[in-house]
Ligand SMILES: [Zn+2]
């Protein structure tokens, strides 16, 4: 029998979800491996591993990286751009978009949650070349202001300067078609939701159609199975740790009360969850993948 080979990586993670008359597609860009050393001191490594094991995950510090696409029949909107191998094993966006039958040239708008490498890396090639040539870029005005201000980086370590270079490369690529917002509707049916702390302009996007809605909450949780039961746990990447934890607690409270469907850039496949109260804290209810676009 001829050898057919053995797959060496996962198939593309794509999950379509109907929200009213709109299709919201979660597309996995890959993953990033870090160290538990980036967690704040209010959790031990063993506690972090135990929470991952309890969620049936490998007890390793691996983050899933996602983007989302909104299609309403008229517009194609991308939320974030994945990491394009800036970090570890991401950068599958262009292939995954192709597998989802979405051509980069049909993307009208890119909504940015924030300007970290795993969110802007896949938007722009070197020398400020946009990879989505017909798209405008929308972001919170505070995010643009923060990364653009030299004074914020006077004593910054090299890793933060490298992060800034990628952010500025993206802003420069899309500058002629860049638009900032701070509240309200940014495109028809989508409102920007400021969620500061992780970065100054970190924002989610609420997509509403008919009687349905989904909040794409960006990086409210990097390791959801750790930070949803323990929202006080922060990361070294949080530019304002106290504010990041406060924002997370406030939002978890709100989405649990209102039973809002959630998508997020570091939520595991299939990429949509709801939050429930669990005593004094919160728990994840994962929405199962469905073969139907119900
Ligand atoms: Zn991220």
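Considering Cα pairs under 8 angstrom that are at least six residues apart, work out the relative contact order of the chain and quote it in whole percent. Mind showing how you got there, number by number?
Values: 614 pairs, mean separation 50.7, N = 294.
Relative contact order comes out at 17 percent.
Hey, what does the equivalent ellipsoid look like for region 14-286, semi-axes from the Cα gyration tensor as sqrt of 5 times each eigenvalue, largest first, whole Å? Walk me through the intermediate numbers first.
Numbers: eigenvalues 137, 103, 64 Å².
Three semi-axes, in Å: 26, 23, 18.
What order do you get for 92-103, 149-160 when each peptide is scored by the mean count of other beta carbon atoms within 10 Å, highest first?
Values: 92-103: 17.1, 149-160: 9.7.
Taking the mean over residues of other Cβ atoms within 10 Å, the ranking is 92-103, 149-160.
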Tell me, how many Å apart are the Cα centres for region 50-82 and for region 134-196? 21 Å
At a 10 angstrom cut-off on C-beta neighbours, averaged per residue, how do the peptides 226-232, 175-181, 119-125, 141-147 rank from highest to lowest? 119-125, 226-232, 141-147, 175-181
The alpha-carbon center of region 200-223 and that of region 85-124 are separated, in whole Å, by 17 Å
Calculate for the chain the 222 nm mean residue ellipticity that helices alone would give, adding -39,500 (n - 2.57) per DSSP H run of length 4 or more and normalising by residue count, nearest 500 deg cm²/dmol. -6500 deg cm²/dmol
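Quick note: the coordinates plus some simple rules give every number you see, no bench work behind them. Every value quoted in this text rests on a predicted model; they were computed, and no experiment measured them. All Cβ positions, even for glycine, are placed from backbone atoms using ideal geometry, and neighbour counts span all protein chains on display.
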